[in-house]
Each structure stands twice: as structure tokens, then as C-alpha cells.
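Please treat every number below as a calculation from the coordinates, not as lab data. All figures in this text were calculated on a predicted structure; none of them were measured in a lab. No Cβ is skipped: glycine too gets one built from the backbone with ideal geometry, and neighbour counts run over all protein chains shown.
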Amino acid sequence: MGLPFAKELVQRGHQVQVLTGFPNYPGGKIYNGCRQKLLQRELMDGVSVIRVPLYPSHDRSSFKRILCYASLALSQACIGTFAIDSADVAYVCQGPATVGLPASVIKLIRRIPFIYNIQDLWPDSLTATGMFDSKLGSKLVNSWCRFVYKKAARIVVITPGMKQRLIEQSVPQAKIDVIYNWCDDALISRVKPDLKLAEKLRMKNKFNVVFAGNMGKAQAIEAVLDAAKLLIEPCPNLQFVFFGGGVEVENLKKKANSIGLKNVAFHGRKPISEIGPILRLADVLLVHLRDDPLFKITIPSKTQAYLALGRPILMGVRGDTAELIEKAAAGITVEPENAQSIADGIHKLYSMTPAQREEIGTNGMRYYDEHLSFNTAVNRYEQIFEEVTRV
């Protein structure tokens, strides 16, 4: 969400500078054509970008991931603090909680107040995804997060549940705003389905349930494969189509083969430019996460894109995300990690007429445009920036 947001702010007349590392996501390797150095400045569509070095890693090693996050935070704090120009306000988009370090240092030394956007609650997200299971470590991370929350001028969260969790942690309610994430415009394709693409991907003349994105432990796709087995006989032309990578992909392929699933296909990662047209081929778009308390207050980022695409959604996530889908009348919610519930939900959508499914998809598209769009979110952020600078 970083560069499009920054570019929009420039379009609206603001001066913007971005302090970041060298690009290495999702592979954990610095992009071809890039070479790390102590400091690099560049101009991207009117946005001043300042890059500092980091240790690149996005593999399964918790130690290496922590080293990646910590190295970037240290570089931003030690180098970035003095490399940036003066500013009225800083916007800190939290992935790892380590970004609170440069934000706090910049506030202390440069006197720049910061707005802290929380994408994941730490340490909750670490334990839920299996990356971290140290009780002492969790306590230390929790204490650090409380420190950063206190230093922030305002806090923006992406779900009502996150706001409630922070209030329970004694963060003042007036300090917290809820602004839903928007989706990447590159993912939104509202043209008619491409039949040639459907034939190429073997999706033509099939009822396609599509999952796109990372397939790790948090997504718990094993339960979806179990649901696929239950649907072989009642839905003979239905298939589950998976696009993306992740640490569990090979295990999932092995399971699909071992239980004889002929209604499942894996296509690997696809460029963002191709994802929109692929998703338009879906009869149902699937979101699924492990049945963990943390995910009740999490909205998977693909949810907004799925709504914007105007396809019916099968939501296998409890809490805020399920409530959003129900409020938008954009699909069916099912119990996560419950194969029978997943199968029942898909069968219900399968049994509808095309017109009924089209109406459900249109509901989601309309709700996204009115409540979750990029323009709506930027308007809210502008208002918060102005309020902080007036204090």
C-alpha cells in the first residue's frame, strides 16, 4: 500500500518522502538490478524514496526473519533519522513491530510526530503463524509494542476487533481510528472473463473455486482439500484452483495426490498483472485461515480485492472478516478448518443460479466502492494528518 498511497498524496499537493529498505519481498533476495549501499536516494513518480540497507530474508527461519526486520529498523533509525528532510508528520506502516524503533527515534531527535498504522498485532500474529513460541519473547515484544503505542500521536488499525483489543490494553479509545485496507488497483479487473485464458488454465466449462495467495500454516488449506474430497460426487464439474506459493504448497500437493483428488489444481505464483483476469474466471473466491482467536480481528488483505472484483466469496474466517462479508451480502461464511462446513457452503453457492451468484458479486463490488476504496481511505488519512499537525 506504500507507493500508491504516497503517489496519491503527491497528487493532492503534499510533499512526500519514503524511508524504506532495498526491495527483496517475497523471495528474500535483493531484486535483480539493485545493489545495496549505505544510502540511496531516488525519485519515483514525484515521491522521494530513501533506501537503507538490511539483511534480506523471508524464509522459514524465524531467526533470519527477525534479523531482516531488526536490520532494517536499525538502518532506518541510525541512517534514516539524519537522511530525511524535515516533516510535519510521519506515517508508519507497521508490518513487523520493529518499525516502531525508527519512528520513536525520529520523533525524539527530529521532533516529528508519527501515526502508527497497525497491520498485525504483535506478538499475537507471531504465535498464530507459528513463527514464535517463546513466552519471555512474547512478553518483551508486548512491552515494546505498548511503548510504541504510547509514543504514537495516533494509531490506525484495520479492523474494529483490533481497536477493541488495544482498548483492552489501556490504549486511549480517542487515539485509535479504524481505516480498512484497500486493494491494489492492479488486482481489480471488471472486464468480462477471458475464455482463452480459461481454456489455457483448464478452467473452461468448470465451476471454479479459486484461492490465490500464500499457502502457509496460517491458511490451513488441508481442511479445504478435505472439503474438496466431500464434493467430488455431489459437484462433478467443480474444481478447486490454487494460485500462489508458500511453505506448505508441496505438502498440500502430496496430500491431494495421496487422497486421489482429481478436482484440485495448483498453478504456482503469477505476476500481479495476471491475477485480476485470473480471479475474474472464478465462480467462487475462497478465503480461509486457521481457526485462531487472532484471526477473528484480522481481515486478510485479499478480502478487499475479492469484493472489488465482484465475485461471490466463500469466507472461512471468523469474526470481523465474516461480519464484513455478511454486512456486504457478498458471499457465504463458513467455519474455518471444518471440512463439512466448507463443503456445505460451496455446495450452496454451486446450487444457485448464475443470476443469483452475479447479484452476490455485485453486492460486494458496490460495498467496496462505497466503504473500502482507496479514495475513501486516503480522505480519512488526510483528515488525521491535519488533526495531528494542528496539535
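Could you work out how much longer the chain between Lys175 and Asp344 gets when fully extended? Use 0.36 nm per residue separation minus the Cα distance between them, nm to one decimal. Don't skip to the end; give the middle numbers.
On the way: separation 169, 0.36 × 169 = 60.84 nm, distance 4.20 nm.
My answer for the length gained is 56.6 nm.
Based on the Cα atoms of the range 185-372, what semi-axes does the equivalent ellipsoid have, where each is the square root of 5 times one gyration tensor eigenvalue, given in whole Å with the largest first?
Details: eigenvalues 94, 76, 56 Å².
Whole-Å semi-axes of the equivalent ellipsoid: 22, 20, 17.
Give the residue from Val284, Leu230, Asn257 lying farthest towards the positive end of the charge dipole for the range 185-372; charges sit on Cβ (+1 for Lys and Arg, -1 for Asp and Glu) and the dipole is referred to the Cα centre.
Going by the Cα projections, it comes out as Asn257.
Compute the Kirkwood hydrodynamic radius of the range 267-376, taking the inverse of the mean of 1/r over all pairs of distinct Cα atoms, and give it in Å to one decimal.
Values: mean 1/r = 0.0705 Å⁻¹.
Result for the range 267-376, one decimal place: 14.2 Å.
For the peptides 310-316, 34-40, what is the packing order when you average, over each peptide's residues, the other Cβ atoms within 10 Å and list the highest mean first? Spell out each step's value before the answer.
Numbers: 310-316: 26.1, 34-40: 12.1.
In descending order of packing, they fall as 310-316, 34-40.
For Leu279, Leu136, Leu3, which order do you get if you count the other beta carbons within 10 Å of each Cβ and list the fewest first?
Working: Leu279 24, Leu136 7, Leu3 14.
If I rank by nearby Cβ atoms, fewest first, I get Leu136, Leu3, Leu279.
Exposure proxy check: Val191, Val99, Val317, Val49 ranked by fewest other beta carbons within 10 Å?
Details: Val191 8, Val99 22, Val317 25, Val49 18.
Going from least to most buried by this count: Val191, Val49, Val99, Val317.
How much length is gained on full extension from Arg35 to Glu199, taking 0.36 nm per residue of separation minus their Cα-Cα distance?
On the way: separation 164, 0.36 × 164 = 59.04 nm, distance 4.06 nm.
Here the answer is 55.0 nm.
Restricting to Cα pairs below 8 Å that are 6+ residues apart, what does the relative contact order work out to for the range 185-372? Please round to a whole percent. All intermediate terms of the calculation are to be shown ahead of the outcome.
Details: 343 pairs, mean separation 44.3, N = 188.
Relative contact order for the range 185-372 comes out at 24 percent.
Size of the dipole of the chain about the Cα centre, Lys and Arg at +1 and Asp and Glu at -1 on the beta carbon, nothing else charged, in debye to 20? Numbers along the way, then the final one.
Values: 49 positive and 37 negative charges, 203 e Å.
Dipole magnitude for the chain comes out near 980 debye.
Give the residue list of trypsin sites (Lys or Arg not before Pro) in the range 197-228 that are DSSP loop and have at most 15 other beta-carbon atoms within 10 angstrom.
On the way: sites: Lys200, Arg202, Lys204, Lys206, Lys217; in loops: Arg202, Lys204, Lys206.
Passing both the DSSP loop test and the Cβ count: Arg202, Lys204.
So if we plug the beta-carbon distance of Ser61 and Cys93 into 1/(1 + (r/R0)^6) with R0 = 30 Å, what FRET efficiency do we get, rounded to 0.05? Walk me through the numbers before you get to the answer.
Details: r = 24 Å, r/R0 = 0.81.
Taking R0 as 30 Å, the efficiency between Ser61 and Cys93 is 0.80.
Can you give the net charge of the other residues whose Cβ lies under 12 Å from the Cβ of Ala377, counting K and R as +1 and D and E as -1?
On the way: positive: Arg380; negative: Glu8, Asp177, Glu382.
So the surrounding residues net to -2.
Based on the inverse mean of 1/r over its pairs of different Cα atoms, what is the Kirkwood hydrodynamic radius of the chain, in Å? Don't skip to the end; give the middle numbers.
Details: mean 1/r = 0.0449 Å⁻¹.
With all distinct Cα pairs of the chain included, I get 22.3 Å.
Take each of the peptides 370-383, 347-360, average the number of other beta-carbon atoms within 10 Å over its residues, and list them starting from the highest. Please report the intermediate quantities before stating the final value.
Numbers: 370-383: 15.3, 347-360: 13.6.
Peptide ranking by packing, descending: 370-383, 347-360.
What is the extension gain from Lys135 to Ser86, computed as 0.36 nm multiplied by their sequence separation minus the C-alpha to C-alpha distance, in nm to one decimal? All intermediate terms of the calculation are to be shown ahead of the outcome.
Working: separation 49, 0.36 × 49 = 17.64 nm, distance 3.96 nm.
Extending this stretch completely gives an extra 13.7 nm.
Can you work out ³J(HN,Hα) from phi for every residue in the range 151-165, in order, using Karplus 6.51 cos²θ - 1.76 cosθ + 1.60 and θ = phi - 60°, giving whole Hz and x for Gly and Pro?
My calculation for the range 151-165 gives 6, 5, 6, 9, 10, 10, 10, 9, 8, x, x, 4, 4, 4, 5 Hz in order.
Using 1/(1 + (r/R0)^6) with R0 = 30 angstrom and r between the beta carbons of Tyr25 and Ser273, what's the FRET efficiency to the nearest 0.05?
Working: r = 17 Å, r/R0 = 0.57.
Plugging the Cβ-Cβ distance into 1/(1 + (r/R0)^6) gives 0.95.
Got the relative contact order for the chain handy, in percent, Cα pairs under 8 Å and 6 or more residues apart?
13
Could you give the nm distance between label points at Val247 and Lys327, where each point is 7 Å from its Cα heading toward the beta carbon?
In this crude spin-label approximation the distance works out to 3.3 nm.
Restricting to DSSP loop positions (anything but H, G, I, E, B) with no more than 15 other Cβ atoms inside 10 Å of their own Cβ, which chymotrypsin sites (Phe, Trp or Tyr not before Pro) remain in the range 241-296?
Numbers: sites: Phe242, Phe243, Phe266, Phe295; in loops: none.
Qualifying residues, ordered by number: none.
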